[in-house]
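First the structure, in the form of structure tokens, and then the observations on it.
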């Protein structure tokens with residue numbers, strides 16, 4: 001740099017404390033700049049500015065700093081006024097010395113620097129934005145300023161810069177060909193980095209600028225959301241109420257843009273979804289409000305997608321109802337209702353909107369966090385997650401016949417099946433049930449693994465989850481190649497958990513019978529019990545048969561099987577009677593492992609002679625706790641409405657076919673059971689309770705004796 005680019009005479013005049021000499025120095029400096037500018041000597045002008053920086057603004061003396069700032073203002077004024085193009089190229093050179101003074105240790109120096117920058121902004125107007133990023137950085141660095149006069153000056157500078165940004169954007173919108181000094185891409189990149197801060201006053205400053213940028217761009221910052229959205233959401237956990245409310249308002253303003261802008265760019269959509277899901281998975285109670293807002297955003301994307309699907313369906317219906325001689329594309333274009341080009345392509349050419357691609361491609365990523373948040377400790381988050389999950393299920397129902405992307409969520413669901421939290425696991429089961437209904441063939445390769453996880457979950461789950469697991473297992477069992485596998489795995493699980501087998505077995509078998517063919521379920525279970533466990537676990541067979549017996553006499557789903565057994569002796573059709581006999585014998589072979597169950601089966605089938613022989617055989621066995629327990633179970637069975645009605649009707653209305661032999665058998669059988677009740681009461685029940693508990697059996701006994709006589 002030429003040290004003589006600014007004559008010593010001018011420097012001395014500028015350093016002089018006399019006001020007249022300072023003005024004289026500024027006037028000479030102005031003439032010097034004019035002469036260089038007219039000659040096109042841009043480099044010399046930049047050297048003049050650099051000299052003013054070295055000799056004045058970098059000085060340790062406050063007076064010199066101030067004089068240097070004043071001299072730079074003078075250079076800026078003449079360039080902007082007479083040589084605007086040259087001024088544009090010198091913006092950074094003119095502002096940089098002033099910005100460096102903003103970090104001065106002396107309050108006065110910083111105050112002069114802010115005031116000078118304010119004047120430069122007034123002089124250069126939108127042109128100052130050519131160095132906006134650096135000015136913004138220095139502003140941000142001084143956002144914690146405490147000196148009142150500096151704070152006031154900084155506030156005025158900030159407001160003036162925002163005005164210049166708004167003016168620049170507005171001028172560009174009015175005249176697209178005009179040069180715009182403001183670079184939105186650049187400031188957004190800067191904001192992306194700055195928004196990571198946790199400093200409260202910096203967050204306040206940034207929120208103010210985001211609000212202005214959104215307003216001056218007519219709420220059209222959607223493509224920049226991936227840069228700034230995470231930072232705004234993180235402010236929702238800010239302890240400072242003003243920052244928290246400001247972030248909340250801004251997030252809500254941005255949310256309004258989703259419905260309008262969501263089909264602009266698939267890549268932007270996917271980046272936003274990724275951010276939302278990242279926030280949903282953050283730990284710590286301080287992020288709960290951010291999680292809630294993320295769920296609301298995801299819900300909005302799904303809602304708009306559902307609307308899109310509904311519109312698509314309406315358009316298809318419109319075409320289907322169009323006159324047969326009119327081609328579909330002609331109909332769409334001639335329809336009086338406004339139909340977009342995308343909608344025409346959507347019907348005619350299989351067009352997939354950016355939103356559709358986003359949602360379907362992100363299904364597995366979306367579902368996992370939602371299922372986890374269904375078990376969140378905060379109720380509001382649970383409700384929002386439930387609402388979002390329900391909407392996602394509705395979306396699946398609409399696209400299930402045209403999209404296979406839902407298959408991609410299977411690994412996520414399998415993982416959620418093992419979750420310890422009931423809401424999450426329960427919803428995962430509902431999803432698995434829906435998937436099996438729609439994509440069963442596509443899921444065959446993973447069925448074995450799914451079955452293993454379901455059975456493991458079945459062993460540890462409460463009633464509500466057991467019901468959902470059985471829904472899924474029943475769905476799998478509908479495919480013949482998996483029916484016996486499911487029964488096998490259930491029996492293995494019940495055997496391993498015999499302390500729970502009675503309660504769980506009752507739920508499981510009851511649900512299976514309600515969802516599948518009850519007769520097939522019974523035959524398969526009884527056959528498996530004999531085939532697998534008859535040699536090594538008689539007790540397990542006995543307990544399982546007892547569960548099947550209780551269901552047989554009480555559940556409406558088994559009414560058909562009960563009717564077959566009741567009519568065993570009264571069926572007139574030979575083939576049917578033979579078939580019914582085979583049913584009885586099939587059940588009998590397994591029910592034999594529980595004496596009271598086989599008696600129940602005989603009584604239900606009106607095989608009284610056989611029942612009598614089995615009961616009499618008890619006299620040959622030593623009475624013990626086990627025998628008494630089985631007798632108690634039988635008594636409970638005989639007290640059920642099925643047997644009261646069955647035996648009462650038999651004795652009262654079919655007297656014509658009763659023979660003395662059968663009446664005698666019934667009589668002896670009931671006498672024996674009455675004695676057994678007396679024995680059981682000594683072991684287990686007080687006399688008053690016994691009499692009340694067995695009053696129905698005494699009535700049956702009296703009827704039997706009366707008919708026997």
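General remarks:
- When each of the peptides 372-381, 554-563 is scored by the mean number of other C-beta atoms lying within 10 Å of its residues, the order from highest to lowest reads 372-381, 554-563.
- Relative counts (whole %) of C-alpha pair distances in segment 448-510, using bins that are 10 Å wide: 23, 62, 15, 0
- Placing a pseudo-label 7 Å from each Cα along the Cα-to-Cβ vector at residue 137 and residue 585 gives an inter-label distance of 9.5 nm.
- Linear extension gain, residue 85 paired with residue 578, 0.36 nm per residue minus alpha-carbon span: 166.7 nm
- Using 0.36 nm per residue and subtracting the Cα-Cα separation, the extra length available between residue 8 and residue 481 on full extension is 160.2 nm.
- Set of segment 108-145 residues, backbone N closer than 13 Å to the point 7 Å along the Cα-Cβ line of residue 92: 130-135
- Classified by the C-alpha gyration tensor, segment 142-293 has an oblate form. Its axis ratio a/c, with a ≥ b ≥ c, is 1.5 or above, and a/b does not exceed b/c.
- Cα shape, segment 1-142, gyration tensor, a/c 1.5 rule: oblate
- Simple label model, 7 Å out from Cα along Cβ direction - residue 61 to residue 175, nm: 4.6 nm
- Contact order relative to length of segment 479-606, as percent, for alpha carbon pairs under 8 angstrom and 6 or more apart: 26 percent
- In this calculation the C-beta distance from residue 380 to residue 415 is compared with R0 = 35 Å, giving a FRET efficiency of 0.85.
- Length gained on full extension, residue 636 to residue 34: 205.3 nm, using 0.36 nm per residue less the C-alpha separation.
- Stokes-Einstein diffusion coefficient of segment 86-220, Kirkwood radius over Cα pairs, 10 °C, 1.306 mPa s, in µm²/s: 103 µm²/s
- Applying 1/(1 + (r/R0)^6) with r as the Cβ-Cβ distance of residue 16 and residue 163 and R0 = 45 angstrom yields a FRET efficiency of 0.80.
- Förster radius 56 Å - calculated FRET efficiency between residue 464 and residue 147 (Cβ-Cβ, nearest 0.05): 0.30
- Cα gyration tensor category, rounded, prolate or oblate, for segment 479-606 with a/c compared to 1.5: prolate
- Label point distance in nm, residue 185-residue 537, each placed 7 Å from Cα along Cα→Cβ: 6.9 nm
No value in this document is a laboratory result; all are computed from the given coordinates. Just so we're clear, the structure is a prediction, and the values are computed from it rather than from any experiment. Methodologically, a virtual Cβ is constructed for each residue, glycine included, from the backbone with ideal geometry; neighbour enumeration extends over all protein chains shown.
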